[in-house]
Amino acid sequence: MASNDTDLTTRPSVAVHAPGSTAAGAETTTAPVMQLRDVSVYYGSYEAVRGTSMPIQQNQVTAMIGPSGCGKSTVLRALNRMNDPIPGARVSGDVLYHGQDLYARDVDPIQVRRRIGMVFQKPNPFPKSIYDNVAYGLRINGIKGRLDDHVEAALTQAALWDEVKDKLRKSALALSGGQQQRLCIARTIAVKPEVILMDEPCSALDPIATAKIEDLMFELTNDYTIVIVTHNMQQAARVSHYTAFFTAEVDDKQVRHGRLVEFSQTGKLFTNPADKRTEDYITGRFG
Amino acid sequence: MTVTAAPATRPTADRPDLTRAALSGRRRFTNRLATAAIWGAVLLAVVPLALVTYTVVSKGAGVMSPSFLTEDIPNSYRRVGGGMAPAIIGTLLITGAAALMAIPLGVFGAIYLNEYGKQRPLARLIRLMADVMTGVPSIVMGLFIYIAWVRLVGQFTGFAGALALACLMLPVVIRSSEEMLRLVPEELRQASMALGARKWKTTLTVVLPAAISGITSGSLLAVARAAGETAPIIIVTGIAFSPNWNLFDGSNTALPAQIFRNASTSFPAAQDRAWGAALTLIVIVLGFTIIARFISSRFAIKER
Ligand SMILES: Nc1ncnc2c1ncn2[C@@H]1O[C@H](COP(=O)(O)OP(=O)(O)OP(=O)(O)O)[C@@H](O)[C@H]1O
Ligand SMILES: [Mg+2]
């Protein structure tokens, strides 16, 4: 195994609000779970995101905000090597997870994704039963026996158990959109990743379902580290501890690149942004 | 209620006319024409189908009997009676063996094309070859197997027929299965990948189950078509008058070949047997189709 130094069962619980500092590379009491160092992502010869550096703190929610097309999803996918299958996609710089570069030659992307899970924008349950959806990750990871307990635990943690406990063998596709998304979260946490990446997980949901998922995220920080991409600034302000603001900039060759403009604690970023562009964006003055 | 009490009278500005009469005459005419054309096309398609079915059933039902299904084929075309058992057994064995060869190979080929090869040069070449192979006339495939297999082993066998049918089925299975795999949403593959599944595992446990109903019905339609192939059977399996359960030794026969041979004689008894064989073949193919429908509907219910 590439990264068996990461014991997933006895993770120390960390104080939720780590005393942070002000700028990117915030110094906290614990070392960050993940650290991006000068990360650029390319699609073929196109540099979609340029020179991003930021930490992902343990048991915290880190939000990524910014205008459409600035490369939030691209950076998010770079965190668990979901860009790998895209032809021509390439990452430069270091994406460190507990100090190891995820893009090092001997790292197995499968091991990476088992520890860093992902929830997608559109709910994408498998066309299987609710039970099989949650059990899927357990089965492929060879977790045997007591499957029922694991499934129940995951569904409970995803705040879905009460709604589905009587129809576990029914198709997951019969659930509502919000339920499907919570099922996808349950499916992801069933395999107990350390980090959960969420790409606009609420964009297809109504306010009530969104509220449920936001509450859920708060609960989940007891056990997991969360990175969320969102277009909804109120949401970022509500759920996250740290916020990264990205924007797209045109360089001297008239090519657009995504750039990280500002990374800091959420409260500070929204009340007292250091950068003019951040201020313009969060106050809605952005074009 | 006021709405029902006041029938559609004169339309006014605030009460638009929603009846069909509001359409212009030209649009109403076009609509009628299109409807008539569609009904005409349906009739045109159904009439020959009904006539074929009627003729085969009415002429074949006369000879149909338990003994027709169980007795050997008479050595002489002239002789009355006898049955088609050797050809029924031959059809089932040869088509079955062909399906066993072509379906797994074709499905694996489709998995390679859609999940691994994608737009690579090798994959595109295979796709092109499959398309070309689809267009090869069955008699040419028969001659190919005659040269490549029958001459090699030195005798006509049922297996040679199965080889020829498998070669005819293979491209159809590959292409129809690939289409079905292509319909599986990319999101499902990503979801599985994000859970730490390896590619083959994703393919086996997510993609294939999601596409299996379409693959099944596509494959069984290919089987049904192959069951009716005549030319390659005549060329490579020889002729048999009693059941030959061994595909690898000795000549064999199949229903389409018997239809051809018996129908092209001038003896009424043989012609009756040809009609009987035709009816049997249609029933067998119908059976395949029903099985295909049944299997795909079973899977479809699970998906809902
Ligand atoms: N698979 C791909 N191939 C080529 N270019 C891509 C691909 N995916 C994204 N891009 C490009 O990379 C840039 C960043 O895209 P990305 O999807 O990361 O933006 P985003 O910030 O997530 O936008 P949104 O908020 O609309 O989801 C865009 O210019 C986009 O066109
Ligand atoms: Mg995006």
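Quick rundown of the values:
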item: Check on A:GLY99, at pLDDT below 95 and within 15 Å of A:HIS231 (Cα to Cα); result: no
item: Restricting the stretch A:97-121 to residues that are outside any helix (DSSP H, G or I), charged (D, E, K, R) and in contact (Cβ under 8 Å) with a residue 12 or more places away in the chain, the residue that is surrounded by the most Cβ atoms within 10 Å (Cβ to Cβ); result: A:ASP108
item: So A:ARG105, is it of a type in the set (Lys, Arg) and within 14 Å of another protein chain (Cβ to nearest Cβ); result: no
item: Pairs, first within 14 Å of chain B (Cβ to nearest Cβ) in the stretch A:70-96, second of a type in the set (D, E, K, R), C-beta under 7 Å, six or more apart; result: A:SER73/A:ASP199; A:LEU76/A:ASP199; A:ASN80/A:ARG113; A:ARG81/A:ARG113; A:ASN83/A:ARG77
item: A:ARG139, sole failed condition from (1) within 11 Å of chain B (Cβ to nearest Cβ); (2) within 16 Å of ligand 1 (Cβ to nearest atom); result: (2)
item: Matching residues, the stretch B:228-267, being crowded, with 22+ Cβ neighbours inside 10 Å and among the β-branched types (Val, Ile, Thr); result: B:ILE233, B:ILE235, B:VAL236, B:THR237, B:THR253, B:ILE259
item: Restricting the stretch A:40-65 to residues that are in contact (Cβ under 8 Å) with a residue 60 or more places away in the chain, of a type in the set (Gly, Ala, Ser) and farther than 19 Å from A:VAL119 by Cβ, the residue that is farthest from ligand 1 (Cβ to nearest atom); result: A:SER53
item: Residues located in the stretch B:183-204, provided they are surrounded by 15 or more Cβ atoms within 10 Å (Cβ to Cβ), more than 7 Å from chain A (Cβ to nearest Cβ) and either assigned to a helix (DSSP H, G or I) or of a type outside the set (Val, Ile, Thr) (or both); result: B:ARG189, B:SER192, B:LYS199, B:THR202, B:THR203
item: Selection count, the stretch A:224-239, where residues are at pLDDT 95 or above, away from chain B (no Cβ under 14 Å) and within 16 Å of ligand 1 (Cβ to nearest atom); result: 2
item: Tally of residues being more than 23 Å from A:ASP223 (Cα to Cα), among the basic types (Lys, Arg) and within 12 Å of ligand 2 (Cβ to nearest atom) across the stretch A:54-105; result: 1
item: Members of the stretch B:205-220 that are more than 9 Å from every other protein chain (Cβ to nearest Cβ) and touching a Phe, Trp or Tyr at 6+ places or on another chain (Cβ under 8 Å); result: B:ILE212, B:SER213, B:THR216, B:LEU220
item: Residue selected from the stretch A:127-136 under the condition more than 8 Å from chain B (Cβ to nearest Cβ) and not acidic (Asp, Glu), by the criterion farthest from the chain's Cα centre (by Cα); result: A:SER129
item: Scope the stretch B:82-120; condition more than 27 Å from B:GLY161 (Cα to Cα) and in a loop (DSSP other than H, G, I, E, B); matching residues; result: B:LYS118, B:GLN119, B:ARG120
item: Qualifying residue in the stretch A:72-89 (condition: over 28 Å from B:ARG198 (Cα atoms), crowded, with 24+ Cβ neighbours inside 10 Å and near ligand 1 (Cβ under 7 Å from one of its atoms)); result: no
item: Residue identified as in a loop (DSSP other than H, G, I, E, B) and either among the aromatic types (Phe, Trp, Tyr) or in contact (Cβ under 8 Å) with a residue 12 or more places away in the chain (or both) among B:GLY250, B:GLY276; result: B:GLY250
item: Selection status of A:GLY177, on the phi > 0 side of the Ramachandran plot and of a type in the set (Gly, Ala, Ser); result: no
item: The lone exception for A:ASN124 - which of (1) part of a loop (DSSP other than H, G, I, E, B); (2) touching a residue at least 60 places away in the same chain (Cβ under 8 Å); (3) more than 9 Å from chain B (Cβ to nearest Cβ) it fails; result: (3)
item: Qualifying position, being within 16 Å of ligand 2 (Cβ to nearest atom), away from chain B (no Cβ under 14 Å) and buried (at least 20 other Cβ atoms within 10 Å of the Cβ), among A:THR247, A:THR278; result: A:THR247
item: Scan of the stretch A:56-71 for residues that are surrounded by fewer than 19 Cβ atoms within 10 Å (Cβ to Cβ) and not hydroxyl-bearing (Ser, Thr, Tyr), ordered by number; result: A:PRO67, A:GLY69
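Okay, residues lined up against (1) among the acidic types (Asp, Glu); (2) in contact with a Gly (Cβ under 9 Å, 6 or more places away or on another chain):
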| site | (1), (2) |
| --- | --- |
| A:LEU197 | no, yes |
| A:LYS212 | no, yes |
| A:THR221 | no, no |
| A:TYR224 | no, yes |
| A:THR230 | no, no |
| A:GLU249 | yes, yes |
| A:THR271 | no, no |
| A:ARG277 | no, no |
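Conditions (1) under 19 Å from the mean Cα position of the chain (by Cα); (2) surrounded by 14 or more Cβ atoms within 10 Å (Cβ to Cβ), marked per residue:
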{"residue": "A:ILE228", "(1), (2)": "yes, yes"}
{"residue": "A:THR243", "(1), (2)": "yes, yes"}
{"residue": "A:HIS257", "(1), (2)": "no, yes"}
{"residue": "A:GLU262", "(1), (2)": "yes, yes"}
{"residue": "A:THR283", "(1), (2)": "no, no"}
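The values are calculated or read from the model by the stated rules, or taken from the named source; none is laboratory data. This structure is a prediction, so every number in the text was calculated from the model and none was measured. Quick reminder, even Gly has a Cβ in these numbers, built from the backbone with ideal geometry, and neighbours come from all protein chains shown.
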